[in-house]
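The values are calculated or read from the model by the stated rules, or taken from the named source; none is laboratory data. Only a predicted model underlies this, so the values are computations on that prediction, with no experimental measurement involved. Because the Cβ atoms are built from the backbone with ideal geometry, glycine has one as well, and the counts that use them run over all protein chains shown.
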């Protein structure tokens, strides 16, 4: 149970409480995989355009530009993954694995009250007592 201002918020009973570190890791991993797949598809489309250009200079130039853009995209995806892994080593946790990511939490001070608030929602006096 968390007290937020004058409201007491009870966690729902049937909703799982996922670890936010695992959620962040899953989202980042999915984005990296999707970006890599899209870059590979763009590379394949450039290759198909190269093959079907039939010697046309504009077609070859367009295919070359697609292939170049796809390779640059793959390099950016690989560099993103490497930079995230490197930063994780320096900070002490790996965002790509989702384990040991320190997430700040709100602690209840016990006794049904939290911080400067009394259980009934009123504010504690200067001595920290409820009226």
key: Breaking point among (1) outside any strand (DSSP E or B); (2) more than 25 Å from the chain's Cα centre (by Cα); (3) at negative phi; (4) modelled with pLDDT under 90, for residue 55   = (3)
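Yes/no per residue for (1) outside any helix (DSSP H, G or I); (2) modelled with pLDDT of 90 or more; (3) touching a helix residue (DSSP H, G or I) at 6+ places or on another chain (Cβ under 6 Å):
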residue: 64; (1), (2), (3): no, yes, no
residue: 67; (1), (2), (3): no, yes, yes
residue: 72; (1), (2), (3): no, yes, no
residue: 75; (1), (2), (3): no, yes, no
residue: 87; (1), (2), (3): no, no, no
residue: 90; (1), (2), (3): no, no, no
residue: 104; (1), (2), (3): yes, no, no
residue: 112; (1), (2), (3): yes, no, no
key: Whichever residue in segment 21-48 is under 15 Å from residue 88 (Cβ atoms) and touching a helix residue (DSSP H, G or I) at 6+ places or on another chain (Cβ under 8 Å) and, among such residues, is modelled with the highest pLDDT   = 32
